[in-house]
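The values are calculated or read from the model by the stated rules, or taken from the named source; none is laboratory data. What you see is a predicted model; the values in this text were computed from it and never measured. Methodologically, a virtual Cβ is constructed for each residue, glycine included, from the backbone with ideal geometry; neighbour enumeration extends over all protein chains shown. Please note that ligands, DNA and RNA were not included when accessible areas were found on the heavy atoms of the full protein model with its side chains. Shrake-Rupley method; radii C 1.70, N 1.55, O 1.52, S 1.80 Å.
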Amino acid sequence: GGTMAEVKNAVSHIERGQLGQRITVDMNGDFESLKNSINKSLDNIQNVFEELESKLHKMREGVFDTEDNFQTHGVYQDIIDATDDTEVAIKSALDEILRVIQSMEDGDFKQRIQGDMKGEFKLLKNNVNLSLDEIDEALTEITDTLTKTSKGDLSARVERTMVGQLNVLAQSLNE
């Protein structure tokens with residue numbers, strides 16, 4: 001009675017996602033082997049979930065530690081590998097976006113976000129690159145107009161249609 005009740009209790013905890021319960025009652029023969037296998041399986045599952053929780057927590061905090069050596073087997077390793085691949089893809093996209101933003105900070109508007117990106121990262125890439133195209137083209141035309149004006153060509157005008165602050169700057173030059 002007590003042996004089966006403890007096994008049933010442990011399995012009931014597993015069904016509810018509570019992996020801390022282990023079978024501790026002494027058993028004999030095949031039942032002892034079964035108990036040890038169930039407990040070892042629970043240890044493995046719990047270790048994988050703890051690793052996944054840790055990885056996801058780090059990613060939420062903006063920490064991308066792709067130098068992870070957690071090893072397990074089978075589908076457990078597949079889950080860890082898929083999480084690692086996701087982390088690498090996010091880190092790679094962020095590194096590329098940050099590289100271009102840093103170049104903007106340095107006054108270089110010629111850099112573009114490269115790389116094969118998907119989903120929201122692709123949308124961000126395309127929007128940033130289109131914005132940089134507009135800024136670069138506008139700055140080039142404004143610079144050309146200022147250069148012509150400084151050389152005495154007072155008829156030089158910014159012809160490009162611009163929006164926002166670039167439009168204010170262009171209109172000021174054209175006045």
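Descriptive notes on the structure:
- Some residue of the stretch 95-108 being surrounded by 15 or more Cβ atoms within 10 Å (Cβ to Cβ) and part of a loop (DSSP other than H, G, I, E, B): no
- In the set (1) of a type in the set (Gly, Ala, Ser); (2) over 30 Å from residue 139 (Cα atoms); (3) part of a helix (DSSP H, G or I), the condition left unmet by residue 20 is number (3).
- Matching residues, the stretch 122-143, being farther than 25 Å from residue 170 by Cβ and open to solvent by less than 60 Å² (accessible area, probe 1.4 Å): 125
- If you check 40, 35, 8 for being within 24 Å of residue 80 (Cβ to Cβ) and out of contact with any Pro (no Cβ under 8 Å at 6 or more places or on another chain), only one passes: 40.
- In this structure, residue 111 does not qualify as open to solvent by 70 Å² or more (accessible area, probe 1.4 Å) and polar (S, T, N, Q).
- Which numbered condition residue 54 fails, given (1) small (Gly, Ala, Ser); (2) open to solvent by 60 Å² or more (accessible area, probe 1.4 Å); (3) modelled with pLDDT of 90 or more: (2)
- In the stretch 144-175, residue nearest to residue 107 (Cα to Cα) [restricted to those that are surrounded by fewer than 11 Cβ atoms within 10 Å (Cβ to Cβ) and of a type in the set (S, T, N, Q)]: 165
- Scanning the stretch 1-40 for residues that are of a type in the set (Lys, Arg) and open to solvent by less than 70 Å² (accessible area, probe 1.4 Å) gives 22, 35.
- Count of the stretch 17-28 residues which are within 41 Å of the chain's Cα centre (by Cα) and either of a type in the set (Val, Ile, Thr) or over 14 Å from residue 46 (Cβ atoms) (or both): 1
- Residue satisfying all of: in the stretch 57-77; assigned to a loop (DSSP other than H, G, I, E, B) and among the hydroxyl-bearing types (Ser, Thr, Tyr); farthest from the chain's Cα centre (by Cα) among these: 72
- The stretch 119-175, residues that are in contact (Cβ under 8 Å) with a residue 24 or more places away in the chain and hydroxyl-bearing (Ser, Thr, Tyr): 145, 149
- Qualifying residue in the stretch 20-40 (condition: touching a Phe, Trp or Tyr at 6+ places or on another chain (Cβ under 8 Å) and in contact (Cβ under 8 Å) with a residue 24 or more places away in the chain): no
- In the stretch 57-69, the residues that are modelled with pLDDT under 90 and either open to solvent by less than 50 Å² (accessible area, probe 1.4 Å) or basic (Lys, Arg) (or both): 64, 68
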